[in-house]
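Accompanying notes for the structure given below.
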Protein chains: 2
Amino acid sequence: MSRYWSRFVHDLEPYVPGEQPKMARLVKLNTNENPFGPSPRALAAIEAANGDDLRLYPDPDASALKAAIGEYYGVPVDQVFVGNGSDEVLAHLFMGFFRQDKPILFPDITYSFYKVYCGLYGIEYQTQPLDDDFSIHLAAYPADNGGIIFPNPNAPTGRPLPLAEIEALLQRNTDSLVVVDEAYVDFGGESAIALVARYPNLLVTQTFSKSRSLAGLRIGFAVGQAPLIDGLERIKNSFNSYPLDRLAIAAGIAAMEDVAWFKQCVDAIVAERDALTAALTARGFEVLPSAANFVFARHAAHQGETLAAGLREQGVIVRHFKRPERIAAFLRITVGTPEQNRALLDALDTLL
Amino acid sequence: MSRYWSRFVHDLEPYVPGEQPKMARLVKLNTNENPFGPSPRALAAIEAANGDDLRLYPDPDASALKAAIGEYYGVPVDQVFVGNGSDEVLAHLFMGFFRQDKPILFPDITYSFYKVYCGLYGIEYQTQPLDDDFSIHLAAYPADNGGIIFPNPNAPTGRPLPLAEIEALLQRNTDSLVVVDEAYVDFGGESAIALVARYPNLLVTQTFSKSRSLAGLRIGFAVGQAPLIDGLERIKNSFNSYPLDRLAIAAGIAAMEDVAWFKQCVDAIVAERDALTAALTARGFEVLPSAANFVFARHAAHQGETLAAGLREQGVIVRHFKRPERIAAFLRITVGTPEQNRALLDALDTLL
């Protein structure tokens with residue numbers, strides 16, 4: 001606390017990211033990183049860009065990266081926005097679109113950063129309860145709102161929504177912005193980018209941190225019709241002219257272009273997710289159906305917190321959320337390599 | 001314009017960065033980049049970090065980078081904040097400290113992003129006129145303010161302030177925050193970091209983009225007493241958990257540690273600045289005394305805009321500001337290599 005702070009700073013409740021332990025040799029299944037490395041073409045692009053030109057500012061518009069994303073999704077460049085990780089993209093869109101007279105809506109169990117952005121920008125929100133099976137129930141979202149945001153698949157549950165339900169929401173909800181946060185969509189969801197051309201109030205966000213294996217480089221993006229992208233650019237250009245550095249831009253382009261590597265890694269993770277789900281189920285876990293690169297699972301006879309602590313003692317780190325109470329029994333486990341998943345199961349077998 | 005924007009977005013006047021031309025072979029003296037490449041140790045650190053670990057998030061606190069900065073300046077780690085370029089650091093401090101009941105103060109001719117941040121966060125400001133010789137006149141800054149910010153040396157004039165004048169301000173102005181923006185201080189100014197231990201309301205910002213030749217990687221930092229840094233961390237952790245990527249952190253540490261390279265580049269730029277100042281003066285320019293890596297100069301017989309356009313036709317890019325009118329006659333010219341400065345002078349000789 002300091003008398004020099006702006007008044008609201010004291011009341012902020014910052015986001016707490018998953019631990020980034022500095023010890024080596026851990027089986028790290030707590031922050032949904034990709035167990036496979038980035039595309040070799042991305043590493044080669046970094047090597048090529050690593051030289052004296054780092055003395056120069058990057059392209060403030062990162063237009064070559066926007067073009068690569070637009071090319072992949074078949075959308076024009078003026079429908080693409082990029083930022084320093086999708087968290088920065090989300091922060092800008094909360095500020096640029098969600099400061100409305102009415103509260104915004106999001107699920108009661110979801111990415112916990114949404115509430116933090118609301119605190120940062122003084123945005124009112126109302127949470128909407130997940131169904132009994134932990135799925136998002138869009139049909140129940142009230143029409144009178146300042147905006148809607150939800151992840152698809154949802155985090156930390158991993159449950160996906162059919163695109164038809166999202167389109168039904170868009171047909172009903174035309175007066176406010178709908179944001180679909182697709183951080184995990186490549187692992188089994190259907191992207192709403194296909195709907196962007198038809199809905200001027202749809203914005204879709206994605207990240208290079210999961211399916212493209214570049215969490216270490218901080219690249220996120222949004223796709224929406226040009227007036228929405230223009231709004232984001234106005235915020236970005238009033239905040240930081242050059243949010244993406246030269247190496248991130250170079251690696252991002254190469255990662256987006258290397259479709260074969262991307263598909264191979266995603267396919268391997270999906271196969272491992274199915275195997276892990278079966279192995280956990282066989283050990284007495286209830287595993288929510290996941291379309292993400294993690295599973296959300298609870299055991300009938302063991303508390304989530306106890307299991308997480310027991311795994312940790314054996315060098316396996318998973319994520320446990322104490323709140324809300326409804327998910328306190330669950331563990332969120334990132335799908336790792338076959339070896340990592342084997343280590344997880346072996347460690348669990350000593351605890352169950 | 002979009003009906004889905006928050007209301008204030010329409011009125012934003014975003015910052016316009018200096019052009020980053022995509023043509024090669026230009027003599028680029030418009031954005032105050034370092035004419036010399038980064039430390040070879042920084043390039044080696046990037047090479048060492050360029051691998052599969054990029055799939056993992058960076059350290060959200062970038063604590064090793066903070067330690068390297070703290071080591072260089074002899075301050076504890078809890079007095080160091082880092083961000084994605086000093087523009088992000090400035091954005092966070094405007095939000096975290098300058099949203100006060102009273103207007104903040106800054107020079108009428110200074111870094112034009114300050115006004116943009118005020119627009120973004122709804123902060124009132126009053127500009128304070130530079131003296132007739134274009135120096136900042138801190139003694140005239142009114143006591144009744146919500147905060148004070150100024151660059152030292154000032155941009156785009158290049159004029160430095162003696163540390164004694166800054167300390168006199170701090171002794172007089174104890175009720176609000178004083179921010180010294182030291183983007184260019186290494187080229188001849190005196191850093192106010194030396195005063196941090198004694199003044200709880202002093203925050204000093206710096207960048208790796210100029211003297212450390214890493215504009216392409218986006219690294220900025222702030223030094224102040226722990227409660228101020230804590231306030232910045234609260235904002236940062238409510239905005240983006242991981243603003244600095246793995247390669248930027250690795251390169252930043254190496255660049256901070258390679259003191260010999262840093263000093264050699266800075267000394268060469270200072271020598272070139274003096275030579276360029278003499279050469280411009282000999283050609284009829286008035287050159288303001290600069291402690292930065294650029295000079296601010298006007299010619300008695302030629303308009304700034306005309307000269308900038310004529311130089312551009314010959315492949316030499318400098319920066320010209322149309323407003324405010326008081327500086328419209330000036331060119332801001334980055335100090336380049338001897339070859340670049342020679343090319344500038346040769347091009348000028350065809351125009352004068």
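The values are calculated or read from the model by the stated rules, or taken from the named source; none is laboratory data. Treat the numbers as computed from the prediction; the structure is a model and nothing was measured. Glycine also receives a Cβ, built like all others from the backbone with ideal geometry; neighbour counts cover every protein chain displayed.
Restricting segment A:74-89 to residues that are more than 9 Å from chain B (Cβ to nearest Cβ) and within 18 Å of A:VAL180 (Cβ to Cβ), the residue that is nearest to the chain's Cα centre (by Cα) is A:SER86. Do we find a residue being under 23 Å from the mean Cα position of the chain (by Cα), crowded, with 23+ Cβ neighbours inside 10 Å and more than 8 Å from chain B (Cβ to nearest Cβ) anywhere in segment A:34-54? Checked segment A:34-54: at least one residue is under 23 Å from the mean Cα position of the chain (by Cα), crowded, with 23+ Cβ neighbours inside 10 Å and more than 8 Å from chain B (Cβ to nearest Cβ). B:PRO103 is checked against (1) crowded, with 16+ Cβ neighbours inside 10 Å; (2) within 30 Å of B:LEU244 (Cα to Cα) and fails just one. What number does that condition carry? Unmet condition: (2).
Got at least one residue in segment A:182-197 being in contact with a strand residue (DSSP E or B) (Cβ under 6 Å, 6 or more places away or on another chain), in a strand (DSSP E or B) and acidic (Asp, Glu)? No, because not a single residue in segment A:182-197 is in contact with a strand residue (DSSP E or B) (Cβ under 6 Å, 6 or more places away or on another chain), in a strand (DSSP E or B) and acidic (Asp, Glu). Listed by first and then second residue, the pairs linking a residue in segment A:260-271 that is within 18 Å of A:ARG342 (Cα to Cα) to a residue that is in a helix (DSSP H, G or I), with Cβ atoms under 9 Å apart and 6 or more places separating them unless they lie on different chains, are A:ALA268/A:PRO338; A:ILE269/A:PHE187; A:VAL270/A:PHE187.
For segment A:242-271: of the residues being of a type outside the set (A, V, I, L, M, F, W, C) and buried (at least 23 other Cβ atoms within 10 Å of the Cβ), which is nearest to B:ASP52 (Cα to Cα)?
We begin by selecting, within segment A:242-271, every residue of a type outside the set (A, V, I, L, M, F, W, C); these are A:242-243, A:245-246, A:252, A:257-258, A:263-264, A:267.
Filter once more, so that each one left must be buried (at least 23 other Cβ atoms within 10 Å of the Cβ): A:242-243, A:245-246, A:252.
On the way: A:TYR242: 26, A:PRO243: 23, A:ASP245: 19, A:ARG246: 19, A:GLY252: 15 Å.
Checking each candidate, the answer is A:GLY252.
Within segment B:191-205, residues that are within 11 Å of chain A (Cβ to nearest Cβ) and of a type outside the set (Ser, Thr, Tyr) have Cβ atoms under 9 Å from residues that are surrounded by fewer than 18 Cβ atoms within 10 Å (Cβ to Cβ) and assigned to a loop (DSSP other than H, G, I, E, B) in these pairs: B:PRO200/A:ARG3; B:PRO200/B:THR174; B:ASN201/A:ARG3; B:ASN201/B:THR174; B:ASN201/B:ASP175, counting only partners at least 6 apart in sequence or on another chain.
On the stretch given as segment A:117-130, residues that are within 12 Å of chain B (Cβ to nearest Cβ) and out of contact with any Leu (no Cβ under 8 Å at 6 or more places or on another chain) total 4. Residues in segment A:40-55: is at least one of a type in the set (S, T, N, Q) and closer than 17 Å to A:GLY252 by Cα? Yes, because at least one residue in segment A:40-55 is of a type in the set (S, T, N, Q) and closer than 17 Å to A:GLY252 by Cα.
Count of segment B:231-281 residues, restricted to those that are closer than 30 Å to A:TYR111 by Cβ and not aliphatic (A, V, I, L, M), is 14. Apart from one condition, A:ASP133 fits all of (1) more than 14 Å from chain B (Cβ to nearest Cβ); (2) crowded, with 24+ Cβ neighbours inside 10 Å; (3) of a type outside the set (Val, Ile, Thr); the exception is (2).
Restricting attention to segment B:56-73, does a residue exist that is of a type in the set (A, V, I, L, M, F, W, C), within 9 Å of chain A (Cβ to nearest Cβ) and in contact (Cβ under 8 Å) with a residue 40 or more places away in the chain? Before you say what the answer is, go through the steps one by one.
Taking segment B:56-73 as the starting set, the residues that turn out to be of a type in the set (A, V, I, L, M, F, W, C) are B:56, B:62, B:64-65, B:67-69.
If we keep only those that are within 9 Å of chain A (Cβ to nearest Cβ) as well, we get B:56.
So of that shortlist, the ones also in contact (Cβ under 8 Å) with a residue 40 or more places away in the chain come out as B:56.
Yes, that holds for at least one residue.
Quick check, is A:GLY224 modelled with pLDDT of 95 or more and more than 11 Å from chain B (Cβ to nearest Cβ)? Before you say what the answer is, go through the steps one by one.
Numbers: modelled with pLDDT of 95 or more: yes; more than 11 Å from chain B (Cβ to nearest Cβ): no.
When the stated conditions are applied, A:GLY224 does not pass them.
The set of residues in segment A:19-33 that are touching a residue at least 24 places away in the same chain (Cβ under 8 Å), more than 7 Å from every other protein chain (Cβ to nearest Cβ) and either among the charged types (D, E, K, R) or in contact with a Phe, Trp or Tyr (Cβ under 7 Å, 6 or more places away or on another chain) (or both) comprises A:GLU19, A:ARG25, A:LYS28, A:ASN32.
Scanning segment A:174-193 for residues being surrounded by 24 or more Cβ atoms within 10 Å (Cβ to Cβ) and over 15 Å from the mean Cα position of the chain (by Cα) gives a total of 2. Of the residues making up segment B:59-69, one or more are among the polar types (S, T, N, Q), farther than 30 Å from B:VAL318 by Cα and surrounded by fewer than 19 Cβ atoms within 10 Å (Cβ to Cβ).
Specify which of the listed residues (B:ASN145, B:ASN152) is closer than 29 Å to B:GLU71 by Cβ and polar (S, T, N, Q).
Of B:ASN145, B:ASN152, the one residue that is closer than 29 Å to B:GLU71 by Cβ and polar (S, T, N, Q) is B:ASN152.
Taken as a whole, the structure leaves B:VAL196 outside the set of residues that are buried (at least 22 other Cβ atoms within 10 Å of the Cβ), more than 18 Å from B:ALA292 (Cα to Cα) and modelled with pLDDT of 95 or more.
I'd like to check something: does segment B:90-102 contain any residue that is closer than 24 Å to B:ARG332 by Cβ and more than 14 Å from chain A (Cβ to nearest Cβ)? No, segment B:90-102 contains no residue that is closer than 24 Å to B:ARG332 by Cβ and more than 14 Å from chain A (Cβ to nearest Cβ).
Which residues, counting only those in segment A:9-18, are touching a Lys or Arg at 6+ places or on another chain (Cβ under 9 Å) and either more than 7 Å from every other protein chain (Cβ to nearest Cβ) or in a loop (DSSP other than H, G, I, E, B) (or both)?
Here is the first cut: in segment A:9-18, the ones touching a Lys or Arg at 6+ places or on another chain (Cβ under 9 Å) are A:9-10, A:12-15, A:18.
Within segment A:9-18, A:HIS10, A:LEU12, A:GLU13, A:PRO14, A:TYR15, A:GLY18 qualify.
Every residue, every condition in (1) assigned by TED's automatic domain parsing to the domain that holds A:LYS210; (2) closer than 23 Å to A:LEU130 by Cα; (3) modelled with pLDDT of 95 or more; (4) over 19 Å from the mean Cα position of the chain (by Cα), yes or no:
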position	(1), (2), (3), (4)
A:ASP230	yes, no, yes, yes
A:ILE235	yes, no, yes, yes
A:ASP245	yes, no, yes, yes
A:CYS265	no, no, yes, no
A:ALA278	no, no, yes, yes
A:HIS299	no, yes, yes, yes
A:GLU305	no, yes, yes, yes
